[in-house]
Amino acid sequence: MTGLEHNKGGDLSPRRIPRIGLVAGRNGVPLFALFLRGLSQPQRRELRSLEQAESLRAQSGAPLDAAAWRAVEAFFLCGGSQAHVLLLPLGDGSFEALVGEDRGLSHRSGLQGVRNWLEKADLLLIPQASELVPADQYVGFCSKVFELLGDDQDMIFLGDLPLSMSLADAEGFSRGLFCPDAAFFYPWLVCGGQPVPASVAVAAWLQRADQEVGIQELATQIPLAAGVSPLQDISATGRERLLNARINTFLWDRGVTRVWGGYTLADRANWRGRLIPLRRSCVKLRHAVEQVCEPFVLEAAGEELPVWVENSLQNFLRSVRPLFQRDLQEPFQTAVTLVEMKGEQRLQVQVQYALPHSLERFSLSFVA
């Protein structure tokens, strides 16, 4: 059945199509992980205004805590409208304390506490990381973040390079680092007259872009918020060198700052994961398709079951039609069949689809 064929029969009621990542309020929502002094247990806040962030900063005691809250303030100054903030105990500030341990749902320390909130957001920011972690351990820390995200977690880590890092060192930073769920930006930016980690402004930019044009677009035509500028101007040659190293940067032109790039740290051979919008779209779509199919798993296998599942898939894919390549008449195709595995009838689901910014078609297949 192709993307243009009409649904025939099957249960298309709302209960069959749950609220999922592509249509729920998770897209472009950052999770800030802040390390604060004086905390004994992790805490979480959901913020929707600059005033909330300013109030929490005013309540903080230590200068380091206040500086952490300023990064959240900068997110709202840059046009952000919603963020989750995970407050983590700083402990002794050592590498081991920052990374933490995972001893189960209620016993996660340090950065491992992020695991409890992966379903609340799809952007991860650790704005203090490049300052708290010693330079010679920063690559190792980032590798721990990559392990935390795992495969297909529907979360992109927006990483920063140290404030004082040179262009030459920024080029070399990504050597040997590969992760399709991480994107790094250089240099820091100026917002409200203060230097801020670039990830903060990029998160606000992605949130606005998701709302205005959708997750599938590489929204470099949308500038960063007014008044935001790179801490240092990067030449055209420098920008090219950074992109070759898979580090994103910024173009400042006549008072307007735009993101220059949009690449993840995926291997260049991984064309599905190289661009931020392609990676986000593919992961979200897979999660969505799996959730659409999930209610059917316990249904009795019969001739009508694949038809019901395919009709529900078609209904969902049409509901997110802007996600796909606009120029194609048939941007997606589905096929649902019953297969026998270990004496049981199982559903085999296959979806092919085309996304903007890619000449290749994508496909996903799984057995439910």
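The values are calculated or read from the model by the stated rules, or taken from the named source; none is laboratory data. Please read these numbers as outputs of a predicted model, since none were measured by experiment. Here the Cβ is made from the backbone with ideal geometry for all residues, glycine too, and neighbour counts use every protein chain on show.
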| said: For the range 205-215, check the following and say yes or no: at least one residue is within 17 Å of TRP188 (Cβ to Cβ) and at pLDDT 95 or above. | reply: yes
| Can you spot a residue in the range 200-214 that is in contact (Cβ under 8 Å) with a residue 12 or more places away in the chain and farther than 30 Å from PHE324 by Cβ? | yes
| request: Check whether at least one residue in the range 75-91 is farther than 30 Å from ASP210 by Cα and surrounded by 21 or more Cβ atoms within 10 Å (Cβ to Cβ), and report yes or no. | output: yes
| said: Which condition from (1) over 19 Å from the mean Cα position of the chain (by Cα); (2) not assigned by TED's automatic domain parsing to the domain that holds SER363 is the one that GLY262 breaks? | reply: (1)
| Of the conditions (1) over 18 Å from SER130 (Cβ atoms); (2) without any contact (Cβ under 8 Å) to a residue 24 or more places away in the chain; (3) of a type in the set (Ser, Thr, Tyr), THR220 fails just one. Which one is it? | (2)
| Of the residues that sit in the range 246-264 and are at pLDDT 95 or above and surrounded by fewer than 17 Cβ atoms within 10 Å (Cβ to Cβ), which one is farthest from PRO187 (Cα to Cα)? | VAL256
| Restricted to the range 153-169, and to residues that are within 22 Å of the chain's Cα centre (by Cα) and closer than 15 Å to ALA135 by Cβ, which residue is surrounded by the most Cβ atoms within 10 Å (Cβ to Cβ)? | GLY159
| task | Could you grab me the full set of residues in the range 350-361 that are without any contact (Cβ under 8 Å) to a residue 24 or more places away in the chain and surrounded by 10 or more Cβ atoms within 10 Å (Cβ to Cβ)? | result | GLN350, GLN352, ARG361
| request: Determine which member of the set SER358, SER363, SER312 is among the hydroxyl-bearing types (Ser, Thr, Tyr), part of a loop (DSSP other than H, G, I, E, B) and not assigned by TED's automatic domain parsing to the domain that holds ILE222. | output: SER358
| said: From the list GLN350, GLN333, GLN325, exactly one residue is outside any helix (DSSP H, G or I) and at pLDDT below 95. Which is it? | reply: GLN325
| What's the number of the condition GLY61 fails, among (1) closer than 26 Å to LEU161 by Cβ; (2) surrounded by fewer than 21 Cβ atoms within 10 Å (Cβ to Cβ); (3) in contact (Cβ under 8 Å) with a residue 24 or more places away in the chain? | (1)
| Test: SER199 is in contact with an Asp or Glu (Cβ under 7 Å, 6 or more places away or on another chain) and surrounded by 16 or more Cβ atoms within 10 Å (Cβ to Cβ) | yes
| message | Condition first: modelled with pLDDT of 95 or more, more than 19 Å from PHE362 (Cα to Cα) and either surrounded by 14 or more Cβ atoms within 10 Å (Cβ to Cβ) or not hydrophobic (A, V, I, L, M, F, W, C) (or both). Can you find one or more residues in the range 265-281 that meet it? | response | yes
| field | Residue list for the range 301-349, filter: exposed (fewer than 12 other Cβ atoms within 10 Å of the Cβ), among the small types (Gly, Ala, Ser) and touching a strand residue (DSSP E or B) at 6+ places or on another chain (Cβ under 9 Å) | value | GLY302
| query | Which condition number in (1) under 20 Å from ALA33 (Cα atoms); (2) in a strand (DSSP E or B); (3) of a type in the set (A, V, I, L, M) is the one that LEU163 fails? | reply | (2)
| field | Unmet criterion (only one of (1) buried (at least 19 other Cβ atoms within 10 Å of the Cβ); (2) out of contact with any strand residue (DSSP E or B) (no Cβ under 6 Å at 6 or more places or on another chain)) for ASN116 | value | (1)
| query | in contact (Cβ under 8 Å) with a residue 12 or more places away in the chain, in contact with a strand residue (DSSP E or B) (Cβ under 6 Å, 6 or more places away or on another chain), of a type outside the set (A, V, I, L, M, F, W, C) and surrounded by fewer than 20 Cβ atoms within 10 Å (Cβ to Cβ): does that describe LYS144? | reply | no
